[in-house]
Amino acid sequence: MTLRISVIGTGYLGATHAACMAELGYEVIGLDVDTAKLEALAAGVLPFHEPGLPELLRKHVASGRLRFTDSYAEVAAGADIHFITVGTPQRADSQSADMSYVDGSVDSLLEHITGEALIVGKSTVPVGTARRLSEKIARSAKPGSDIALAWNPEFLREGFAVQDTLRPDRLVYGLQDGRGLELLRKVYAPILALDTPEIATDLETAELVKVAANAFLATKISFINAFAEVTETVGGDIKVLADAIGHDKRIGRRFLNAGVGFGGGCLPKDIRALQARVSELGLSQ
């Protein structure tokens, strides 16, 4: 039986994940509340640039393996595993992440799932979110349903998102009591067959892996920029310095290019959200 997959949220992460799951051979349905966006995606038209993704979208809409909807009822009836890929922007009133889209997606799924299903979070969230959602599922799932929750963080690079989905450098699963592992391994079987490293852990560690990765990359950028000021002051060459320390396997050369700093849609807001969560945990100094 072909796996039936839904992807909730069709932004950068969701559109990529949906197209790549179809490329792996699964029946995929992407959900979004923006019907104009869904029509554009079905035509392979994106509001951002990502090499190879428009072609993949058109290929699998044409193959029949990928379709789009704005109906949670259709998604609940038409899929066995649901990937949550909605945004977690910074809240307007604090540095914390806005979890309303994640919570809303789970609530909407719970209104319609009546049988067995696996909900898999891929959105970047503050640690503790998955545990809270698993408790919500236990309280609010419809009688007779059997819903498990897992967390499967993404590590996409802009410009390489398709490659990073189909040939990632690792797969991380956060699980509650091991539930969902067998199904996730089935989903990712073609990728695991390429000897991709696989890490199965608890929900909290999986959430933190993504945040820690982003924080470390931002640290490398900030570090080399700080040394750029020193080399400029004394007449040194920051590129040669970066090349030299980059040969150290403990350090590596990537993300050691001095410049204006880091930006984009993830690093700044994820670091601010981490700072806010650390403060909430009473660990800030």
message = Can you tell me which lysines have their Cα less than 27 Å from the Cα of LYS220? Leave out same-chain residues fewer than eight positions away.
response = LYS122, LYS210, LYS239, LYS249, LYS269
query = What order do you get for 91-103, 8-20 when each peptide is scored by the mean count of other beta carbon atoms within 10 Å, highest first?
reply = 8-20, 91-103
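Could you compute the net charge surrounding ASP70? Neighbours are other residues with a C-beta less than 15 Å from the C-beta of ASP70; K and R count +1, D and E count -1.
Residues close to ASP70 contribute a combined charge of -3.
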ask   = So how long is each side of the stretch 158-264 along the principal axes, counting just the alpha-carbon atoms, biggest first, in Å?
value = 57, 27, 26
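Return the loop-located GluC sites (Glu not before Pro) in the stretch 114-189 (DSSP other than H, G, I, E, B) with at most 14 other Cβ atoms within 10 Å of their own Cβ; answer none if there are none.
Here the sparse-neighbourhood loop sites are GLU158.
Can you tell me, using C-alpha contacts under 8 Å and at least 6 residues apart, the relative contact order of the stretch 34-98 as a whole percent?
Rounded, it is 22 percent for the stretch 34-98.
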Length gained when the stretch PHE255-ALA42 is fully extended (0.36 nm per residue, less Cα-Cα span) = 73.2 nm
note = Kirkwood radius from Cα pairs of the chain plugged into Stokes-Einstein at 10 °C, 1.306 mPa s, gives D in µm²/s equal to 79
key: the stretch 105-186: proportion of alpha-carbon pairs further apart than 14 angstrom, %   = 66
query = In deg cm²/dmol, rounded to 500, what helix-only [θ] at 222 nm does the chain give when every DSSP H run of at least 4 residues adds -39500 (n - 2.57) and the total is split over its residues?
reply = -14500 deg cm²/dmol
inquiry  = How tilted is helix 267-280 with respect to the longest principal axis of the chain? Cα atoms for both, answer in degrees (0 to 90, nearest 10).
reply    = 80
key: Hull shadow area, averaged, the stretch 1-120 [alpha-carbon convex hull, nm²]   = 7.9
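How high is the FRET efficiency between LEU217 and ALA92 when r is their beta carbon distance and R₀ equals 22 Å, given to the nearest 0.05? If you can, show how the numbers build up before the last one.
Values: r = 26 Å, r/R0 = 1.18.
The value I calculate is 0.25.
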request  = Would you mind checking which residues have amide H under 5 Å from VAL86's amide H? H placed 1.01 Å from N; only 5 or more apart, or other chain.
outcome  = SER123
request  = Could you state the accessible area per residue of the stretch 102-182 in Å², with a 1.4 Å probe and every protein chain left in place?
outcome  = 43
query = For ALA141 and THR35 in one chain, what is 0.36 nm times their gap in residues minus the Cα-Cα distance, to one decimal in nm?
reply = 35.4 nm
ask   = What are the extents of the Cα atoms of the stretch 14-78 along their three principal axes, listed from largest to smallest and rounded to whole Å?
value = 32, 26, 17
message = Just to check I understand the Karplus step: with θ = phi - 60° and J = 6.51 cos²θ - 1.76 cosθ + 1.60, what whole-Hz values come out for the stretch 23-31, glycine and proline as x?
response = 4, 6, x, 8, 7, 10, 10, x, 10
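The values are calculated or read from the model by the stated rules, or taken from the named source; none is laboratory data. In this text the structure is predicted, and so the values were computed from the model without any measurement. Virtual Cβ from ideal backbone geometry, glycine too; neighbours counted across all protein chains shown. These accessible areas exclude ligands, DNA and RNA; they are computed on the full protein's heavy atoms, side chains included. Shrake-Rupley method; radii C 1.70, N 1.55, O 1.52, S 1.80 Å.
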